[in-house]
Each structure stands twice: as C-alpha cells, then as structure tokens.
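*Asks:* Let me begin by handing over the structure; questions about it come next.
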C-alpha cells in the first residue's frame, strides 16, 4: 500500500510531535489557566512600532479556547501594525483617546468607554486619530490567540 506525500504530511505531525515533546509539555499546553490577579505595575512592557504594549495574560480557558489580553498605548497618529486578519476574534475596550477601528474597509471612531469587536477572519486595523495618546485593552479569543 503506497502512501502519498499529502497523506505522509498529515500523518507525520501526529507521529513526530509526541516523540519530540515531553509528555509534560503537551499536557501543560492543554492545561487551563488558573484564576489569577495581574497588578498593573508588574506587567511586562514591550515597545514595537512606537506602541507601548503591556502583556496581561496568555493561555487556555477551561472550556478549551485560547485567550490573550494586553493593553496598548499609541501616540497620536500611531498604529501597532497594518490591517490584517486571523482566525481568532478580537475585542477592543477603549480607555483613553480617540481611535479609528477599520473593519472590512469601514472605519469607526471610538472614544473612552467604547468597545469594538471583530469576528474571525474579518480584516481590521486600529489607529490613534486623536491629538493625545490612546490606550485600549485587546481581548483575543479563539485559535491562534496565544
């Protein structure tokens, strides 16, 4: 019985990954996050593309979904990256400033207290269109969020 390259490519990961990764590492990846608190002054900060990003959490929920939360501060005119799309869904909770959230070519201006949401694979981008810094939380849920 001959095996095609396509069949071999789909079989190899199932055979090789358990052999390469220790069983504990695989179990740890599937383990849900415990309840936890995240003091703001202890959050790690990174600064790509003139943005200040505070990583809050990354992990799996007990129901199996991946979850990632971070806070971003953008200078006036700043954007964290170009418009893009991905499998997971995202929600923005605007704390300060005015941002423009563009979803599938339609732009919306959001201010403090506003919330934006994009469904899986919708093309989206966010930009600070105000004259002061804009700060917002991002909540990403679904495959690829971690």
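*Asks:* With a point put 7 Å past each Cα toward its Cβ, work out how far residue 37 is from residue 137 in nm, to one decimal.
*Replies:* 1.6 nm
*Asks:* Ranking request for peptides 84-93, 38-47, 59-68, 120-129: highest mean number of other beta-carbon atoms within 10 Å first, then the rest in descending order. Don't jump to the answer; show the numbers that get you there.
*Replies:* Values: 84-93: 16.0, 38-47: 9.0, 59-68: 13.9, 120-129: 17.9.
Packing proxy ranking, top to bottom: 120-129, 84-93, 59-68, 38-47.
*Asks:* While we're on this one: So if we plug the beta-carbon distance of residue 121 and residue 55 into 1/(1 + (r/R0)^6) with R0 = 25 Å, what FRET efficiency do we get, rounded to 0.05?
*Replies:* The formula returns an efficiency of 0.55 here.
No lab work stands behind these numbers, since they all come straight from the coordinates. Everything quoted here is computed from the prediction, not taken from an experiment. We place every Cβ from the backbone using ideal geometry, glycine too, and count neighbours over all the protein chains shown.
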